[in-house]
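Beneath this line is the structure, given in structure tokens, with notes to follow.
The values are calculated or read from the model by the stated rules, or taken from the named source; none is laboratory data. Small disclaimer: the values here were computed from a predicted structure and weren't measured. Note that each Cβ is placed from the backbone with ideal geometry, even for glycine, and that neighbours are counted across all protein chains shown.
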Amino acid sequence: MRPTLVVLPSYNERENIVSLIDALLTLDPAIDVCVVDDSSPDGTSEMLKAEDAKRTDWKGRFKLVTRSKKDGRGGAVREGFRQGFESSKQYAYFVEMDCDFSHRPEAVREGIGQLDSGMDISLGSRYPSGTIEGWPVQRHVLSFFANTLARTLIAWNIADYTNGFRFYTRPAVQVMLKYEQKHKGYIYLSESLSQLLRAGMKVGVFPIYFKNRERGKSNTSLAEVRNAFFGIFQIGWEHRFGGKNEQKSLPH
């Protein structure tokens with residue numbers, strides 16, 4: 001496996017995070033992990049600092065970034081990618097995934113395999129042929145509505161815009177980082193994918209088994225859902241008619 005950085009955006013994940021880091025680092029010696037924690041009230045950052053100090057198997061393969069406040073999943077992923085992109089390790093691949101084991105660590109190999117085969121981005125997708133376990137009916141309805149709206153406004157051939165289990169080549173991350181982030185939270189998944197599609201990136205998809213979290217609470221608020229509903233229309237408009245002037249200078 002080529003050098004790979006897995007970025008874990010974290011908020012109140014002390015019940016899950018150490019076990020997930022261990023699982024990821026065990027997968028392959030080429031995998032490093034970066035946790036971007038938004039000063040979790042449950043002490044996630046403090047616990048990870050203490051764990052890192054005593055774990056020789058994490059040495060040189062784990063990085064903790066603590067942001068001053070809760071500022072959204074999208075920004076946390078971008079910060080982890082930015083630091084990884086600027087690292088002397090010259091990571092070839094970047095991964096984002098949730099901290100709660102809803103995304104199986106062993107599925108990382110399949111996503112990396114798609115990048116190895118020539119894709120710029122690989123999406124771990126729950127639709128149309130993945131499996132979802134543990135969701136209530138209202139969560140299924142909300143997900144179906146959100147993805148149908150995103151498909152209609154952006155690109156119909158992508159079935160799952162709202163799942164954050166994604167794999168990127170270094171050039172794809174370079175494209176992501178050259179755009180300003182306009183939307184916070186999970187809606188940034190749609191924003192960034194729109195930007196990558198407009199840049200002509202090749203997208204691969206593979207079905208995943210998605211299990212609702214067993215420990216801890218979901219970090220998605222009603223305000224975030226409301227903002228995402230309005231934000232997707234702006235993203236769709238920019239995808240089809242604009243968005244060419246918001247690029248920053250390209251990181252190197």
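Do we find a residue being acidic (Asp, Glu), part of a loop (DSSP other than H, G, I, E, B), under 16 Å from the mean Cα position of the chain (by Cα) and crowded, with 20+ Cβ neighbours inside 10 Å anywhere in the range 63-79? Walk me through it before giving the result.
Narrowing the range 63-79 to residues acidic (Asp, Glu): 71, 79.
Subsequent filtering for residues that are part of a loop (DSSP other than H, G, I, E, B) retains 71.
Restricting the remaining residues to those that are under 16 Å from the mean Cα position of the chain (by Cα) gives 71.
From what's left, crowded, with 20+ Cβ neighbours inside 10 Å: none.
Looking for residues that are acidic (Asp, Glu), part of a loop (DSSP other than H, G, I, E, B), under 16 Å from the mean Cα position of the chain (by Cα) and crowded, with 20+ Cβ neighbours inside 10 Å, one finds none in the range 63-79, hence no.
Could you tell me which of the residues 211, 184, 217 is modelled with pLDDT under 95 and more than 24 Å from residue 130 (Cα to Cα)? Explain how you work it out, then say what you get.
Values: 211 fails: more than 24 Å from residue 130 (Cα to Cα); 217 fails: more than 24 Å from residue 130 (Cα to Cα).
After ruling out the rest, the residue left standing is 184.
Residues checked against (1) in contact with a strand residue (DSSP E or B) (Cβ under 7 Å, 6 or more places away or on another chain); (2) under 12 Å from residue 78 (Cα atoms); (3) of a type outside the set (Val, Ile, Thr):
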site: 177; (1), (2), (3): no, yes, yes
site: 181; (1), (2), (3): no, yes, yes
site: 189; (1), (2), (3): no, yes, yes
site: 192; (1), (2), (3): no, yes, yes
site: 198; (1), (2), (3): no, no, yes
site: 207; (1), (2), (3): yes, no, yes
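Checking residue 90 against (1) crowded, with 20+ Cβ neighbours inside 10 Å; (2) on the phi > 0 side of the Ramachandran plot; (3) at pLDDT 95 or above, which single condition isn't satisfied?
Going through the list (1) crowded, with 20+ Cβ neighbours inside 10 Å; (2) on the phi > 0 side of the Ramachandran plot; (3) at pLDDT 95 or above, residue 90 breaks only (1).
Tell me the residue from 23, 30 that is surrounded by fewer than 20 Cβ atoms within 10 Å (Cβ to Cβ), farther than 25 Å from residue 185 by Cα and in contact with a Lys or Arg (Cβ under 8 Å, 6 or more places away or on another chain), please.
Among 23, 30, only 30 is surrounded by fewer than 20 Cβ atoms within 10 Å (Cβ to Cβ), farther than 25 Å from residue 185 by Cα and in contact with a Lys or Arg (Cβ under 8 Å, 6 or more places away or on another chain).
Looking only at the range 187-212, how many residues end up being buried (at least 19 other Cβ atoms within 10 Å of the Cβ), in a helix (DSSP H, G or I) and among the aliphatic types (A, V, I, L, M)? I'd like the intermediate steps shown before the answer.
The initial filter retains those residues of the range 187-212 that are buried (at least 19 other Cβ atoms within 10 Å of the Cβ), namely 187-196, 205, 208, 210.
Still in the running and in a helix (DSSP H, G or I): 187-196.
Adding the requirement that they be among the aliphatic types (A, V, I, L, M) leaves 187, 189, 193, 196.
The qualifying residues number 4.
Looking at residue 104 and the list (1) closer than 11 Å to residue 208 by Cβ; (2) at pLDDT below 95, which single condition is not satisfied?
The number of the failed condition is (2).
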